[in-house]
Amino acid sequence: MTYLDHAATTPMLPEAVEAMTTALTACGNPSSLHTSGRRARRVVEEAREELAAAVGARPSEVVFTAGGTESDNLAVKGIYWARTRAEPARRRLLVSSVEHHAVTDAAEWLAEHSGAELTWLEVDDFGRVHEDTLRAAIAEDPDRVALVSVMWANNEVGTVNPIRELAKACAEFEIPFHTDAVQALGVLDVDFAASGASAMTISGHKIGGPYGVGALLLGRDVDCVPVLHGGGQERDVRSGTLDTPSIHAFATAARIAVEQRERLAAELADLRDELVAAVRAEVPDAVLNGDPGESTVDSGPSRLPGNAHFTFPGCEGDSLLMLLDAKGIECSTGSACTAGVAQPSHVLLAMGVGASAARSALRFTLGHTSTDEDVAALAAAIAPVVERARSAGLAGLRKSAAPAEVSPR
Amino acid sequence: MRVLAAMSGGVDSAVAAARAVDAGHDVVGVHLALSAKPGTLRTGARGCCTVEDAHDARRVADILGIPFYVWDFAERFTEDVIENFVATYAAGQTPNPCLTCNEKIKFAALLDKAIALGFDAVSTGHYARLSLVDGEPELRRSADIGKDQSYVLASLRADQLRHAMFPLGASVKADVRAEASSRGLAVAEKPDSHDICFIPDGDTRAFLGRNLGERPGKLVDAESGAVLGEHAGVHGFTVGQRHGLGIDAPAPDGRPRYVLALEPVSGTVKVGSRDALAVREIVGTRPIWPSGRALESTVDCVAQVRAHGSTAPAQASHVDGELTVRLDEPLRGVAPGQAVVLYRPDAGGDVVLGSALITATGR
């Protein structure tokens, strides 16, 4: 099996599996006051400190959640509500047009149900939000902006945003800035304090940790209304019994991912360049989408090291995916799924890609278990697959024989 | 063979896919997403286009151990089936969208794509028997005459049928359900779908009203020419319809009145007695010969004029792309826009000779 979908999820690190299975054998609710509870609480608090140290946050800034989607929802809704509660006129929500659906759909929900005035921040042809775009949007009415949300790096096309510049622009107007760093952690230099962000989303299963656990890093002075109400855990911002084994494994994975980040990022970038070169050699008209990865952003790479995203003109992404799957090569159309149906990606559309070209997209993403053999397998398969998918793409466009006109007589 | 199993999420296509697997074929399951905005859960009698139906199909594929994908055909379906459906009603005719879907989507857009991707055939859960006789397709009625779907498949050409597979043709529905149950498929007891899949509440007139708006016209007595009432558009009517005419006064003879004809240009709906509905001659255009062999002389056959029932012995002849069918006994409610399908009676299942789109009828 050739697994080229690490941005969807990546295998758990052995150390994380061990941390998780060890913790699973111990009973204890971290909120209980007795010995077992205190033991579990210690595991959680040590994990909080371990995670905080890995991502440049203070332990008190770590709010554990059930993953990226929950963290994004908590940040966007919770901070928006807190801001409008404090200052009812603050209803403007500035969100990049290439965010994950966990952000875009939460923002649209606020616009529909909670009086938010939503502004989509435009991106360039690489999918990047520029500082002047953000500043211009803020300047329209800076005193009424409740929140800005721009992802650290895009999950589909891999383009990295200038997070420090964007956060700084917000800080000048005392506007909270949230960033979804789910794809960035473990491959980019993600440091919460240095970034200047008010809130940051991270997730366990994208970095070699378990599924169903994540965190919102939330600055101590950032007010946030809870989405989940209950026992008052996690600063009263996120109620719910703490998932001790997952949290322990998540923190373990985060520590190791950050320790190994520079080496892994360099390896993945080399492998990614190999993959891009191989695809281009086999399919000369394939188009690499997103930042070319040849410059720097915040003195780091301008594209996620493990991301290669192409459009294959004349092919449908779902045809390519099926044909590659049949050859044991797993990748993604890189777009959001409704009922498993590939809709044209809002990210590509925002980048100015046409609707039909957006249907021709395929995303290959590398991770800590990727090898040269994976790239070789793709290189060997891609040309005939594209040729076949292209003929099917044309077949899909061909209308069946036109019926005779029917007229009553 | 490499077989693409079209899986709606219903019991029939599930068992059809299972049988294709059992037959030793290399099977891939595909659910067609036909609605641009699929509902999350099934509502009403609809049985194919929701996220829940896609889920049901996926679970069957899991149990069969075959790959499964959802392919988006919503745009093609909207253009070729829904818009055609609305336009046909607007033209005063009565379409059969299932027939259109088979002809334009399942055995055209989907089949073309499947063939191009390396598949040899598309399998569906239709109830009809298909075999090759001297290399030519032979389409027959199902062994389950109550479920027979040969009528909605009769618009397929030989080149389409050569790549079609109907594994349920020789079975009756009760056995198919029992087989689904013994295979452990959760859809074994799933209710049959009845209404048109893109009109989940079953209210066709309201659906057409939303799409066509009001196109008021007059209800006229076909014999006397007397205006009996007003209506909101000919698209609300079908030839043979009795109920919902909105006429206040009873007919002079006290007998029920039926829709006899629709005139879209003037917006006139002509009504009259049941006897006036009787049709003895049908003219059809765009004939299709599933076997690939066109009628060369007048033949004795049985004609069917809508999806269920309404058959009569007939003689059919074919001249220059026009099919003329003389019925031995009159049929009622023969609506332009529907298909007339010709069968050769046979103890092993009536054989489809051909079909055509009804354009005119005569008494």
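Which of the residues that make up region B:58-90 are surrounded by fewer than 20 Cβ atoms within 10 Å (Cβ to Cβ), in contact (Cβ under 8 Å) with a residue 40 or more places away in the chain, more than 21 Å from residue B:11 (Cβ to Cβ) and not hydrophobic (A, V, I, L, M, F, W, C)?
The one that is surrounded by fewer than 20 Cβ atoms within 10 Å (Cβ to Cβ), in contact (Cβ under 8 Å) with a residue 40 or more places away in the chain, more than 21 Å from residue B:11 (Cβ to Cβ) and not hydrophobic (A, V, I, L, M, F, W, C): B:78.
From the list A:272, A:263, A:303, A:280, pick out the single residue that is in contact with a strand residue (DSSP E or B) (Cβ under 9 Å, 6 or more places away or on another chain), among the basic types (Lys, Arg), surrounded by fewer than 22 Cβ atoms within 10 Å (Cβ to Cβ) and more than 28 Å from residue B:28 (Cβ to Cβ).
A:280
Let me spell it out: the conditions are (1) surrounded by fewer than 23 Cβ atoms within 10 Å (Cβ to Cβ); (2) under 15 Å from the mean Cα position of the chain (by Cα); (3) at pLDDT 95 or above, and residue B:156 meets all of them except one. Which number is the exception?
Result: residue B:156 fails condition (1) only.
It is to be established whether one or more residues within region B:129-142 are within 27 Å of residue A:393 (Cβ to Cβ) and either within 13 Å of chain A (Cβ to nearest Cβ) or free of Cβ contacts under 8 Å to residues at least 40 places away in the same chain (or both).
No, the conditions are met nowhere in region B:129-142.
Just checking, which of A:69, A:2, A:22, A:9 is surrounded by fewer than 23 Cβ atoms within 10 Å (Cβ to Cβ), more than 18 Å from the chain's Cα centre (by Cα) and under 30 Å from residue A:308 (Cβ atoms)?
Result of the check over A:69, A:2, A:22, A:9: A:2.
Which pairs do you get when a residue that is at positive phi, found in region B:319-332, comes within reach of a residue that is surrounded by 12 or more Cβ atoms within 10 Å (Cβ to Cβ) and among the hydroxyl-bearing types (Ser, Thr, Tyr), reach meaning Cβ atoms under 9 angstrom, with the pair 6+ apart or on two chains?
Pairs found: B:321/B:285.
Return the residue satisfying two criteria in turn: it lies in region B:119-144 and is out of contact with any Leu (no Cβ under 8 Å at 6 or more places or on another chain) and modelled with pLDDT of 95 or more, and of such residues it is surrounded by the most Cβ atoms within 10 Å (Cβ to Cβ).
B:124
Out of all the residues in region B:348-358, is one or more over 26 Å from residue B:132 (Cβ atoms) and either in the same structural domain as residue B:287 (by TED's automatic domain parsing) or in contact with a strand residue (DSSP E or B) (Cβ under 9 Å, 6 or more places away or on another chain) (or both)?
Yes.
Which condition from (1) of a type in the set (D, E, K, R); (2) in contact with a Gly (Cβ under 9 Å, 6 or more places away or on another chain); (3) over 27 Å from residue A:8 (Cβ atoms) is the one that residue A:172 breaks?
(2)
For region A:72-86, name all the residues that are crowded, with 23+ Cβ neighbours inside 10 Å and either modelled with pLDDT under 95 or of a type outside the set (Gly, Ala, Ser) (or both).
A:72, A:74, A:76, A:79, A:80, A:83
Pull up region B:309-363, narrow it to residues that are under 18 Å from residue B:238 (Cα atoms), β-branched (Val, Ile, Thr) and over 16 Å from the mean Cα position of the chain (by Cα), then point me to the one that is surrounded by the fewest Cβ atoms within 10 Å (Cβ to Cβ).
This residue is B:359.
Within the group A:316, A:294, which residue is among the charged types (D, E, K, R), modelled with pLDDT under 95 and surrounded by 24 or more Cβ atoms within 10 Å (Cβ to Cβ)?
So the residue among A:316, A:294 that is among the charged types (D, E, K, R), modelled with pLDDT under 95 and surrounded by 24 or more Cβ atoms within 10 Å (Cβ to Cβ) is A:316.
Please go through region A:314-326 and give me each residue that is without any contact (Cβ under 8 Å) to a residue 60 or more places away in the chain and more than 8 Å from chain B (Cβ to nearest Cβ), ordered by number.
Within region A:314-326, just A:317 meets the criteria.
Hey, among B:114, B:109, which residue is within 12 Å of chain A (Cβ to nearest Cβ), under 27 Å from residue A:320 (Cβ atoms) and modelled with pLDDT under 95?
It is B:109.
Do we find that residue A:115 is in a loop (DSSP other than H, G, I, E, B) and within 20 Å of residue A:353 (Cα to Cα) in this structure?
no
Looking at region B:171-184, can you tell me whether even one residue there is without any contact (Cβ under 8 Å) to a residue 24 or more places away in the chain and not small (Gly, Ala, Ser)?
Within region B:171-184, one or more residues are without any contact (Cβ under 8 Å) to a residue 24 or more places away in the chain and not small (Gly, Ala, Ser).
Could we say that residue A:44 is more than 24 Å from the chain's Cα centre (by Cα), at pLDDT 95 or above and either more than 30 Å from residue A:330 (Cβ to Cβ) or surrounded by 14 or more Cβ atoms within 10 Å (Cβ to Cβ) (or both) here?
The answer is yes for residue A:44.
Which residues, taken from region B:195-252, are among the hydroxyl-bearing types (Ser, Thr, Tyr) and loosely packed, with under 14 Cβ neighbours inside 10 Å?
Result: B:224, single match.
The values are calculated or read from the model by the stated rules, or taken from the named source; none is laboratory data. Keep in mind it's a predicted model, so treat the numbers as computed, not measured. All Cβ positions, even for glycine, are placed from backbone atoms using ideal geometry, and neighbour counts span all protein chains on display.
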